[in-house]
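The values are calculated or read from the model by the stated rules, or taken from the named source; none is laboratory data. Small disclaimer: the values here were computed from a predicted structure and weren't measured. Please note: Cβ atoms are built from the backbone with ideal geometry, for glycine as well, and neighbour counts cover all protein chains shown.
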Amino acid sequence: MASSQSKLSRANLVGDIWGGFAAMLVALPSAIAFGVTIFSPLGADFGAKGALAGMLGVTVLGLVAATFGGTQRLISAPCAPAAAVLSALTIQMTQQGAGVGTVLLTLFLVAFISSVIQISFGLLRIGELIKYMPFPVVSGYMSGVGLIMVTSQLPKWMGLPNGVNGWQGLHMMAMWQTPSLIVGAVTAVLMLLALRMSARVPAVIVGLIGGIAAYWALAFTAWPELRHLHGNPFVIGPLAVGGEGFVASLLDPWKSLRELGMPSWTDILFPALTLAALLSIDTLKTCVVLDAMTGSRHDSNKELLGQGLGNLASSLIGGAPGAGTMGATLVNIASGGTTFASGVFQGVWSLLAIFLLASFIAWVPVAALAALLIVIGLKMVDWHSLQLLRAVDTRLDLAVIVLVVIVANAVSLIAASGVGVAMAILLFLREQIHTSTLRRKSFGNTSFSSRVRGVREREVLASTGSHTVIFELQGSLFFGTTDQLFSAIEPELHKAKFVVLDFMRVQSMDMTAGHMIERIRNMLGEHQAKLILTRVPENLPSGRDLRKYVDHIGLLSDNTTQIFDELDDALEWVEDETLALAGQAHVSPEGIPLGKFEIFHDLNVQEIASLERCTLRRVYQAGDLVFGADTTGHELMLISRGEVKVSLPLANGKTIHLTTFSRGQFFGEMSFLDGRTHSADVFATRETELIAIDRKDFAAVAVGDPVMSISVMRAVALAVAERLRHANAELREMRQT
């Protein structure tokens, strides 16, 4: 057993080493490109500084984020959202005339504070909330970042002077540099072909090698000046990777802070918040996809903590910030990476590459990196969302995406995030407002309680029940749906005597909805009608106790509003009130003789006398069990006085209230007819006198009086048929509404 675990551990280690190496081959060139993008607006001399920042970032993120984040197989490295935010900030500040020292200090502080914000996201357990960012907003974010990457890299592909943007360059073809155009085109074409032909060799590596090969082909043919490293604007340039260069990158921000002072907080905080949000979303989006592919489960808050610590360490040594990246992660999986250690090995391989390949990296063409990022940027654009144009009901979602993209490119990413979230909220409210909060409307002459009523009582309820209206509510009762609900209820308020509001399917409720219900209560009170609330949940999905909330806002402040735990109890109370108003509610405490039962109203005196010979009278106190489910008993039970409750026992110990029988009703007819065991429990709810007719005793009497036997069986059959018809009518009414 130990040997098997050892082999498995060694197999994982080998896979993680090779997975980390393959991931480094993808992450390192991209990180260099992102770093160059961030610093190149400061001038051609800063391309090397940007490349070093990218390399340091991919190294530190691999070592720190993978260790503390712990998500299996995830590779973290500098990424497009970070490059988009920071390069845009660099361009903005240089256009405003800020000095190089101020720009470098601001970039450091933004990266530093954003990492602290990410750490706070993890500590405050906000990771779960970030995952619920609306998809149109995320799609717009990523598409906006992709377009920012494309527009920012076009000048480098064209070989334009620093300060000329892509849109200006499109109208200044005379300034385009042919070597840059050729190198960028070769890089982009080979990268696109690699994406289609094979997933084994990373497309980034194929494109970059092709771009470098094209560069040297041009250098040894038409453009010999490309062979010189110093002062060559077409390549990254010499990298200061020695001790002196590393110490300089470590100390420069603190030196600038001492000399220049703290920049304006508005110049730092908003970009830092944007960067923290984008890096967190990018990481967690990758983690979610990774879980779906591998069947694993990541810890969002732990991963955000790890990413924050990684970015914090990266910023402190002058590295570029980053996130969990999809491309390098997929290459890691395909190359055998199985644990978080593959991310650590990616950092180790990157560190080795910095010291061993620095002289080679200095010759990487800027145009090749620009083309590489343009392809990545175009892949980030959610082209699939254009299909939302096909259907009218999805065009508003597309409008949110397009609006976020426009604001991201025209204003800023933080403004785009605010606009996107606001639009998503408006679309959600629009959807909720157009969702009906009234599930079903029924009346008291079609919906009845489970209490079995006599023929006369049923006739009264059928003729006067239209004055009772039952509204089954659903969804969210809030300011957006209040007017719609009130418009549906208001027409019934002027003629109704009882209005029942069933809250069983209500998900939430606010003060506006409470005020609307109070208004309904007051309108009913003007003509002595009653409002009844039922099944008001004590625990909504939000955790709110709606019953207490209803009480706190004053709906139960007087006797005009009744509240019941169950709809059946509410309907029974309404029926009793309705019968009382019709003069049918008086129940005599005296027992009724056998001949006065409705079921036997067609039997003559002689037949009643014969039937009396097989009866037995019993008295039960409140709470007594008359009979239980699955017990034997072949008696037809007639209630001379009192009341019984019929319940169906469940396996979990709970019961379902089926019906209630009172004076003049009968039960137990199924066992009386088929001789099988009882199917439910029957309890007396108060002192009750029953007249029991035993099946065997009835059979013995029936031998001597077959006419009586036929009359009784016919009466029982007709009564059962009437109950079935009544049940069918209720079911039909429920399905129609």
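The table below lists the values:
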item: Enumeration of residues in the range 192-237 that are over 13 Å from Ala367 (Cβ atoms), buried (at least 21 other Cβ atoms within 10 Å of the Cβ) and aliphatic (A, V, I, L, M); result: Ala203, Val204
item: Some residue of the range 209-217 being at pLDDT 85 or above, touching a strand residue (DSSP E or B) at 6+ places or on another chain (Cβ under 6 Å), in a helix (DSSP H, G or I) and not polar (S, T, N, Q); result: yes
item: Of residues in the range 520-550 being of a type in the set (Lys, Arg) and exposed (fewer than 15 other Cβ atoms within 10 Å of the Cβ), the one modelled with the lowest pLDDT; result: Arg544
item: Output for the range 31-90, where each listed residue is crowded, with 24+ Cβ neighbours inside 10 Å and touching a His at 6+ places or on another chain (Cβ under 9 Å); result: Gly69, Thr71, Leu74
item: Which listed residue is more than 16 Å from Ile532 (Cα to Cα), polar (S, T, N, Q), in contact with a Ser or Thr (Cβ under 9 Å, 6 or more places away or on another chain) and outside the structural domain of Gly664 (by TED's automatic domain parsing), from Ser463, Ser476, Ser449; result: Ser476
item: Scope the range 432-452; condition surrounded by 16 or more Cβ atoms within 10 Å (Cβ to Cβ), assigned to a strand (DSSP E or B) and at pLDDT 85 or above; matching residues; result: Leu438, Arg440, Ser442, Phe443
item: Test: Ala692 is more than 43 Å from the chain's Cα centre (by Cα) and either within 16 Å of Val716 (Cα to Cα) or surrounded by 15 or more Cβ atoms within 10 Å (Cβ to Cβ) (or both); result: yes
item: Residue identified as modelled with pLDDT of 80 or more and closer than 21 Å to Ala203 by Cα among Ala65, Ala33; result: Ala33
item: Any hit, the range 639-654, residues being assigned to a helix (DSSP H, G or I) and either at pLDDT 90 or above or not β-branched (Val, Ile, Thr) (or both); result: no
item: Residue under evaluation Ser711, criteria (1) farther than 16 Å from Thr615 by Cβ; (2) among the hydroxyl-bearing types (Ser, Thr, Tyr); (3) touching a residue at least 60 places away in the same chain (Cβ under 8 Å), criterion not met; result: (1)
item: Failed criterion for Thr294 (all others in (1) modelled with pLDDT under 90; (2) of a type outside the set (Gly, Ala, Ser); (3) buried (at least 18 other Cβ atoms within 10 Å of the Cβ) hold); result: (3)
item: Restricting the range 483-511 to residues that are more than 26 Å from the chain's Cα centre (by Cα) and in contact (Cβ under 8 Å) with a residue 60 or more places away in the chain, the residue that is nearest to Val536 (Cα to Cα); result: Asp502
item: Pair list, Cβ under 6 Å, 6 or more apart: the range 524-544 residue assigned by TED's automatic domain parsing to the domain that holds Glu490, other residue in a loop (DSSP other than H, G, I, E, B); result: Gly525/Thr560; Ala529/Ala496; Ala529/Lys497; Glu538/Asp545
item: Qualifying position, being part of a strand (DSSP E or B), within 30 Å of the chain's Cα centre (by Cα) and touching a residue at least 40 places away in the same chain (Cβ under 8 Å), among Gly514, Gly475, Gly480; result: Gly475
item: Ile639 vs. criteria in contact with a Lys or Arg (Cβ under 6 Å, 6 or more places away or on another chain), surrounded by 19 or more Cβ atoms within 10 Å (Cβ to Cβ), closer than 28 Å to Thr446 by Cα and not hydroxyl-bearing (Ser, Thr, Tyr); result: yes
item: Some residue of the range 681-701 being in a helix (DSSP H, G or I), in the same structural domain as Asp624 (by TED's automatic domain parsing) and at pLDDT below 85; result: no
item: Test: Val381 is touching a residue at least 12 places away in the same chain (Cβ under 8 Å) and either under 20 Å from Ala194 (Cβ atoms) or surrounded by fewer than 23 Cβ atoms within 10 Å (Cβ to Cβ) (or both); result: yes
item: Pick from the range 322-335, criterion out of contact with any strand residue (DSSP E or B) (no Cβ under 7 Å at 6 or more places or on another chain) and crowded, with 19+ Cβ neighbours inside 10 Å, ranking: nearest to Phe39 (Cα to Cα); result: Gly327
item: Condition check for Phe340: out of contact with any helix residue (DSSP H, G or I) (no Cβ under 8 Å at 6 or more places or on another chain) and in the same structural domain as Val110 (by TED's automatic domain parsing); result: no
item: Whichever residue in the range 261-289 is assigned to a helix (DSSP H, G or I) and among the polar types (S, T, N, Q) and, among such residues, is surrounded by the fewest Cβ atoms within 10 Å (Cβ to Cβ); result: Thr266
item: Count - residues of the range 494-506 that are out of contact with any Leu (no Cβ under 6 Å at 6 or more places or on another chain), at pLDDT below 90 and crowded, with 18+ Cβ neighbours inside 10 Å; result: 0
item: Those residues of the range 661-689 which are surrounded by fewer than 19 Cβ atoms within 10 Å (Cβ to Cβ), farther than 14 Å from Phe627 by Cα, out of contact with any Leu (no Cβ under 9 Å at 6 or more places or on another chain) and not acidic (Asp, Glu), in sequence order; result: Gly675, Arg686
item: Output for the range 317-332, where each listed residue is out of contact with any Leu (no Cβ under 8 Å at 6 or more places or on another chain) and not in a helix (DSSP H, G or I); result: Thr325
item: All helices (runs of 4 or more DSSP H) inside the range 333-415 with 3 or more residues being at pLDDT 80 or above and within 24 Å of the chain's Cα centre (by Cα); result: 395-410
item: Residues of the range 551-561 satisfying the condition of being buried (at least 18 other Cβ atoms within 10 Å of the Cβ) and modelled with pLDDT under 80; result: Leu555
item: Within the range 605-624, tally of residues that are touching a residue at least 24 places away in the same chain (Cβ under 8 Å) and surrounded by 12 or more Cβ atoms within 10 Å (Cβ to Cβ); result: 12
item: Among (1) in contact with a Ser or Thr (Cβ under 7 Å, 6 or more places away or on another chain); (2) part of a strand (DSSP E or B) - the single one Thr632 does not satisfy; result: (2)
